[in-house]
Each structure stands twice: as structure tokens, then as C-alpha cells.
1. DSSP loop trypsin sites (Lys or Arg not before Pro) in segment 97-134 with at most 15 other Cβ atoms within 10 Å of their Cβ, which ones?
2. For segment 29-181, what is the percent of antiparallel DSSP beta bridges, rounded to the nearest 5?
3. Return, for the Cα atoms of segment 58-97, the radius of gyration and Dmax in Å, separated by a comma.
4. Please give the contour-minus-distance gain from T415 to N91: 0.36 nm per residue of separation, less the Cα-Cα distance, rounded to one decimal in nm.
5. So what is the relative contact order of the chain, in percent, for Cα pairs below 8 Å that sit 6 or more residues apart?
6. Beyond 25 Å between alpha-carbons counts as too far, so tell me which of K162/K260; K120/K356; K120/K358 fall in that bin.
7. Starting from the 7 Å offset along Cα-to-Cβ, what nm value, one decimal, do you get for the label separation of I359 and D226?
8. At a Förster distance of 51 Å, what's the computed FRET efficiency of D199 paired with Q136, Cβ-Cβ distance as r, to 0.05?
Amino acid sequence: MFRRTAIAAAILLTAASVSVPAAYAAPAQVASLPTAAVALGDSFVSGEGAGAYAPVVDVNGTAQNFPGWSAPNSNAYFCHRSANASLHQANLPGIQARFNLACSGGRPYDIASASNTRDKGRTVASQLDQLRAVGQTHDIDLVLIGLGSNNSSFTFGDVATKCANRFIADAWTGWWEFWAYLGGPVEQAPCASGDLATDAQMAAATAETTNALRSLLTTLAEIDADGQHRVVFQDYTNPLPFDLQSSYHTADGRDDSRDKFRDLGAVRYAAGCPIHRASLSAGHIFSGNLGNLVRSAHTTLSAEFPGADLVYLNVQRAFDGARLCENTGSPTGTLATPIRLMDGPTGVFVTSLSGKDKIAIQRIANACVTYFQTCQESWHPNAAGHAVLGQCLSGAATTANRTVACVRSGTGSITVS
């Protein structure tokens, strides 16, 4: 895949972002340009959950450092581009520079348009404009793209919030209390697959994502110095198992099929998986459908761009055996971040809900709504998870196949085949 085999080792360049010039100029001669790998897309590529977030250049050309927990979530910094993202942890021989242009919460819209021109977007230039800037100074040899989990029909954050909130409501508040205190019912049933995304929404999201990826391939053909680059379409992995380990099934003699089970609610929150067991199947159907979305886009665009080097990377089994609440001791030893909230924009995560009443629970949950940055790391790959995804990317970067799956074995070894 990589053509400069004389380079003995990759040189890691942690580039948080790049400034976008007023006018695009043709790149310098290809022979003089260093090679680059670029990441585009959303949170599973930007490094959300992995910490070590770098400053991000906003639409005005200003590098935004951490602005404080109560700052607007639209701040460019909250793209959460991590030095621990999979792009930076992958072994990519021949690559001299790495640019993470992805943004947590990124949508297909953000590929060709500035994110701040849509609702709830961050103040960053379009990802293609940022890519054009890289193309002026580097020969782009590898592009990692993760796109589709957020779109005009649904977002991963909304899906996760919906199912977690239903569990919390069910755990802490009896049915009669909804009428007595809230004036009516509040949804507390487990999530069904149709609650997360309907077939029509998935179809719309697939078309939207495919159109954005088409614009990416067209732009790469225009700006890449030598016209040779591999594009890896990565899908998504579910942070939760198909079923919870048995120690998380009951607490104080109660399971989650009855009304009000606060002790169990506290146990699962502490372990990072505040979710009904009955919601897990719907969650895996949803993540599987996201895989189908990415696979469909890859198939469509491979036919439209027959000469392009496009690889579909399936990572849906990359966290097997190390998901939240799959084993005792969770979240220790897992590859995903637990759901974690704050009691206001304090910077201090609430790790236990034990002993808290429904008023405190509501206040803590509301902090996530008002200050989304206080909870946006929840249910994402952690630094160890991004290291695994880096191994997946390493395999996808060099494979002769155009469709590969990255699978974690029971011993923790990673295979890309």
C-alpha cells in the first residue's frame, strides 16, 4: 500500500487540526512532499473517550484549548481529537505525518460544510476544506473515515441517552410517582430496535452518508499529489455485550423487569452499563445496521470509482470479551468508557448513584442535557479501545482484500482478515 518503503519507521506528527487557506493552491511536486495519513468523520475516529485531547483550530483560525466545563458545547475543542486516537496508535510504515480532522458528533453534513452552520454543530471548517489544506503540504496516502452514526435522522448520543434514561427512570421512580410528581407517564420500558432507528431512517442515513463519502473521494482525486491513496471505511463496535455478566442481573433480590430497583440501578451505573438487559438486543441490531450502512456505502462507491483503493473495515467484534459489564469488575479492564455524568459542570464525574434520591438523579441527568461535554465521552472506546482500533487500522492499511473484519479473540489477540 505505502510506496515509500525506504522510510524505516513512521514519524508521529500529532496535528490537532490545520488552518484552512483562503484559496486552494496546487500542491508542490510530489517528490518533495512527505506522506500523510488523515482521519475524518466522527467520535469513533476522533478519539472521543481516549483523553489527551489536543487544541482544535476553529473556523476563525484560532486554536481552541479546553474552554472550561460550562463553555458552549459548540466550541471547537469539544471535537475531542485525541493523541490516543486509533490513527496515532496504528503501525503505518511509510507514513511520515498524521492529521486527525475528525470531530466528535460529526455528521455527513460536516464533510463538505462548516459544522457550525447546522444545529448543534461545532465551530470548525468543513472536513474537506481541512483536508485540502493537508493536501497542499503532504502526499495523502491513507484516509481513515468513520461516518454514519450521526446524521439527519438519528445520532449515537441520542440513542444512548434514550436507553440509559429509560433504565434510570425505571430504576428510581415508581409508576405512581410519575403521575404524582410529573403529571403523567415517563417512558421507562426497555428500548426496542424501532426506538433507535427505523428502517426508513437507516435508509435515509445510508444515502446521506454515501453522498458525503462520494464528495470525499472526488476531492481526494483532485488534491492528492500522486493520485494514489487508500481509503478505509471503518464501521462501529458496540460498547455493551449481548448480555450482562450474571453479577449485574440482580441486586437486593430485584431485577430490571419489575418497577423501581434502585440498588440494581446503582450497581449498573457504577459498572458503566445503566441499561435494561432487554435493551441489549436492540442495541446490537442498531450497531449491526450501522455496519450495513457503511458496507453499503463501500459497495456503492467501489462500483462508482472502480480504480479507487477502498477498504471496508468491520470492527463490530473488535471488543469481544472486553465490553462494559461483560465481566466482573467493570469498567476496569474494558475497552470502552462507562456512562459517566457530573452534578453540574464541575469537572468531577459521579461514579456512584448509591443513596441518591430521584431529585438528585434528575439534577445530575439534566447536567448532561445542558452541558453535553460533561457526559459526551460515555460509551466510547477508551485509550485501550482506540489502541485495539489502531491494530485494526494497521491491518486494513496493508491488506490485499477490500473487505476485512477485525476480531478480538478470547485471549485478547487481534486478527484482521
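1. Qualifying residues, ordered by number: R118, K120.
2. Values: 3 of 14 bridges.
Of all bridge pairs located within segment 29-181, approximately 20 percent are antiparallel.
3. Taking only Cα atoms of segment 58-97, I get Rg and Dmax of 13.9, 42 Å.
4. Net length gain for the segment: 115.2 nm.
5. 20 percent
6. On the way: K162/K260 18 Å; K120/K356 31 Å; K120/K358 29 Å.
In this structure, K120/K356; K120/K358 exceed 25 Å between Cα atoms.
7. 6.8 nm
8. About 0.75, to the nearest 0.05.
Every number here is computed from the coordinates shown, using simple stated rules; none is lab data. Since this is a predicted model, take the numbers as computed values, not measurements. We place every Cβ from the backbone using ideal geometry, glycine too, and count neighbours over all the protein chains shown.
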